[in-house]
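Read the figures in this text as sums done on the coordinates, not as results from a lab. Since the model is a prediction, treat every value here as computed from it, not as a measurement. We place every Cβ from the backbone using ideal geometry, glycine too, and count neighbours over all the protein chains shown.
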Amino acid sequence: MPSLPRLSLLFFALVAVTGCGDTPDTGDVSPPADVAPAAEPEARGEMFQTSMALRALEGSGVTGEVVALHDADLVTLVVELEGLPTEGQYEIRVGRGSCATGGPMLLELNPVLGVADGTGISTTTLEADALATDEAQFIEVRGEGDVALACGNVIGHGDA
């Protein structure tokens, strides 16, 4: 998994840019990569964070984490991947349904640019209402030849 300090630094940079009121920082709220994400988001003033694991598909070896930073107007999705097979661009898609059932794609996030060590990161900011919260959704990583490499169900979106 990409380094947690790097993810924490990115989180704190985003909080500093967007602001979160007068609530003091209580430390890192990201769960370790091997711990399932909590079903309920953690409150952080007017901003809160959720995270989910991306699991390898068909033995691809690609895994990762998506951290969603929510506030009243925006949601910023940070996707960190490891185990990427080659340097290059990897598409990140949000679909309706679940990893197990698949479903139509709703939108594409900014792509991840894989580097020589097999890691990559992407950040996408969306309007808070860009994704409905009352339907099951999943995030999928796709590589060369449009092959699905990793997937994770979005917690709190229909709880697929």
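Projecting the Cα atoms of Val115, Leu126, Thr101 onto the dipole axis of the range 63-160, where Lys and Arg carry +1 and Asp and Glu carry -1 at the beta carbon, places Thr101 farthest toward the positive end. Cβ crowding within 10 Å ranks Arg93, Arg142 as Arg93, Arg142, fewest other Cβ atoms first. Under 13 Å from a label point set 7 Å out along the Cα-to-Cβ vector of Ala130, the amide N atoms of the range 68-105 belong to 68-71, 73-79, 92-95.
Specify whether the C-alpha gyration tensor of the range 69-160 places it in the rounded, prolate or oblate class, a ≥ b ≥ c being the square roots of the eigenvalues: rounded for a/c under 1.5, otherwise prolate if a/b is larger than b/c and oblate if not. It comes out oblate by the Cα gyration axes. FRET efficiency for the Thr101 to Glu46 pair, using the beta carbon distance and R₀ = 25 Å, is estimated at 0.10.
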